[in-house]
Every structure is written in structure tokens, then in C-alpha cells.
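The values are calculated or read from the model by the stated rules, or taken from the named source; none is laboratory data. What you see is a predicted model; the values in this text were computed from it and never measured. Using ideal geometry, Cβ is built from the backbone for each residue, glycine included, and neighbour counts are taken over all protein chains shown.
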Amino acid sequence: MSKAITFSEYGTPEVLRLSEVSTPEPGPGQVRIRVRAASVNPLDLKVRSGLMAKVAPARFPVTPGLDAAGVVDAVGEGADAAVGDEVLGAAAGGSYGEYALLDRPAAKPQGLSWEVAASLVTVGQTAFRVLRELAVRAGQTLLVHGAAGSVGTVAVQLAAARGITVVGTVGEHDIERVTALGATAVRYGDGWVERVKAAAPQGVDAVFDASGAGVLAESVALAGDSARVVTIADMTAAQHGVRFSAGSADPADDSLAQLVRMAAAGELDLPVWRAYPLDQAAVAHGDLEARRNRGKVVLLP
């Protein structure tokens, strides 16, 4: 037996409990890790609150969590790692616990912190996937809504590294930080369309909406075609003819390995705002729900 965070009903962060659970056993191709850090993602909050119940009904009790980093302590047949390896990846069956199962672990370089390693997985692969879907190229202009959020932060840096001109909508307090990442940062809120046009007089070729702030109609007008806009956060996407991007990484996708290399080399910055002990998962959810964070939130079992 081991400890993990679970919930047995939908609700507020208070439904999260530190529980005794059966320690998971790795299946074929899987590894079990002793978790050193687990990332808290916005999707975790939606699952816990019941917002995802119609799409993916929960089978209670649920251990939340998408991503983890840790040390391999057991391997399944055909697993691509060995006991003692330091790895990170997407968790099968939840990551908020002392142990987690990873399907396709990536090696963690020595110079990469546990907190950043756990934080890279979902947000980094999401940014990679959407940029691929938009097929934006060097010399073109990309508008990123929510450029100061974790997905937006990675998207800005990946796009800028590819020679793409990036304009990002952010809060006033994030303008300097996002500008330093390689974007022209403009304040969101009333008048944002005019500010984007002033920042990109050449026009906008594609829009990545990571904010879900009701900006799709204007974004389609700016890009000139709904096919040039992708959202990961606005559930009204279909009403605007916009693609809603979701899903896990393809087994052949090497984006996580690329993200790890970039982060270890100092070419990708992903700020970690706060790390909480595992038993404070409810506090972490509350802070993320209230948008107090300025960077990733992680749990340390």
C-alpha cells in the first residue's frame, strides 16, 4: 500500500483526500516510478469538479494528475527504462501519489529539476501539437492568447525559436516577462484587437488560443479564416468553425524528448510558481482555480 490523493465525488477542492491505495503494478511497456514531483494542470480541476463528466465519466475513487517525474522502481515487460533511471512522462491512472505508472517515459537529465521535469509534459506537448496543427512557418506571424500561461509560455518560445513573429496577449503584470521570451506582448481586455493590429501591421497568419477568454470571433476575423485558429480552452469553438485541439501524444511523437533537451540546455524557460506537499493538493487546486499562480504548480510526494 502507498499514499495518494483521491476523490470519490465531484466538487470543490475539499473533495480531495490523502488516502491509502494499492501500489500500482506496471503492465507491458510501463514503468513504475517513485514520484518526486507531479504537475497540477487546469484539466485536473475540470475533472475534479465534474466539468468533464459528460465526456469522460469518472470511476470513483479517482487519483488525479496527468504528469509526473521520478525514479523508476519497477518495470513491465518491454519497458524502455531500467530500475534506478530518472524519468518523466504522462501518468496512466493518475500522478498525485507516492507512485505512478508511465507509459512512455523520457529520460530526465541531471541538470533538470524535478519540478520542471514534471511540469513540461502536458503543457509542452500541447504547445508542440497546436503549432504543428497550425503549420505556422518562419516569417509568418502568430497570435497567442494567454501567452503568460504555461502552455502559452512554451508556445511563444517554440515559435520564436523557429523564426516566427509572435504577438501575445497578456495581463499588464506579464508584459515584461513575455516580451523577454521573444514575443511582442500586448495587454488583453477591451481594445485588444486594435493593440494586436498595431503590434502586427503586417497582419496575423495564425492564432493559438490558450486562454478561453471569448476571443474566437475576433481571432477568426484577424486570421481571415477559421482554419487558421486553434483553441485548447474555449468550448464554443464549434460555433465559430474553430478547431478544438485535445488528445494525448502519438506514440511516435518525440516532442517530449525535444522539450527536455531544450529545457536542460537553457533554451526553454518554464517557471514553477509553487511546490506543495502532497497532502496540500486541495490548497494547490484552490490557488490554481483562483488564478493566483504565475507559473506552474506542482506537488511533492
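Annotations for the structure displayed:
- Screening Val116, Val154, Val136, Val121 for residues that are touching a Leu at 6+ places or on another chain (Cβ under 7 Å), surrounded by 22 or more Cβ atoms within 10 Å (Cβ to Cβ), farther than 27 Å from Ala37 by Cβ and not small (Gly, Ala, Ser) leaves exactly one candidate, Val136.
- Condition check for Val178 on (1) touching a Gly at 6+ places or on another chain (Cβ under 6 Å); (2) hydrophobic (A, V, I, L, M, F, W, C); (3) part of a loop (DSSP other than H, G, I, E, B): one failure, at (3).
- Residue count for region 255-301 satisfying the condition of being among the acidic types (Asp, Glu) and either under 16 Å from the mean Cα position of the chain (by Cα) or crowded, with 17+ Cβ neighbours inside 10 Å (or both): 3.
- Summed over region 234-255, the residues that are hydrophobic (A, V, I, L, M, F, W, C), within 16 Å of Val130 (Cα to Cα) and at pLDDT 95 or above give a count of 3.
- Failed item, numbered, when Ala217 is tested on (1) assigned by TED's automatic domain parsing to the domain that holds Val71; (2) of a type in the set (A, V, I, L, M, F, W, C); (3) surrounded by fewer than 16 Cβ atoms within 10 Å (Cβ to Cβ); (4) touching a helix residue (DSSP H, G or I) at 6+ places or on another chain (Cβ under 7 Å): (1)
- Members of region 220-254 found to be crowded, with 21+ Cβ neighbours inside 10 Å, part of a loop (DSSP other than H, G, I, E, B) and among the hydrophobic types (A, V, I, L, M, F, W, C), listed by number: Ile232, Val242
- The strands (runs of 3 or more DSSP E) falling completely within region 1-115 that include 1 or more residues that are under 15 Å from Ala281 (Cα atoms) and touching a Ser or Thr at 6+ places or on another chain (Cβ under 7 Å) map to 2-6, 17-21, 31-40, 67-75.
- Here Ala148 meets each of (1) touching a Gly at 6+ places or on another chain (Cβ under 6 Å); (2) assigned to a loop (DSSP other than H, G, I, E, B); (3) surrounded by 23 or more Cβ atoms within 10 Å (Cβ to Cβ) with one exception, condition (1).
- Which listed residue, of Arg177, Arg137, Arg129, is touching a helix residue (DSSP H, G or I) at 6+ places or on another chain (Cβ under 8 Å), in the same structural domain as Val230 (by TED's automatic domain parsing), of a type in the set (D, E, K, R) and modelled with pLDDT of 95 or more: Arg129
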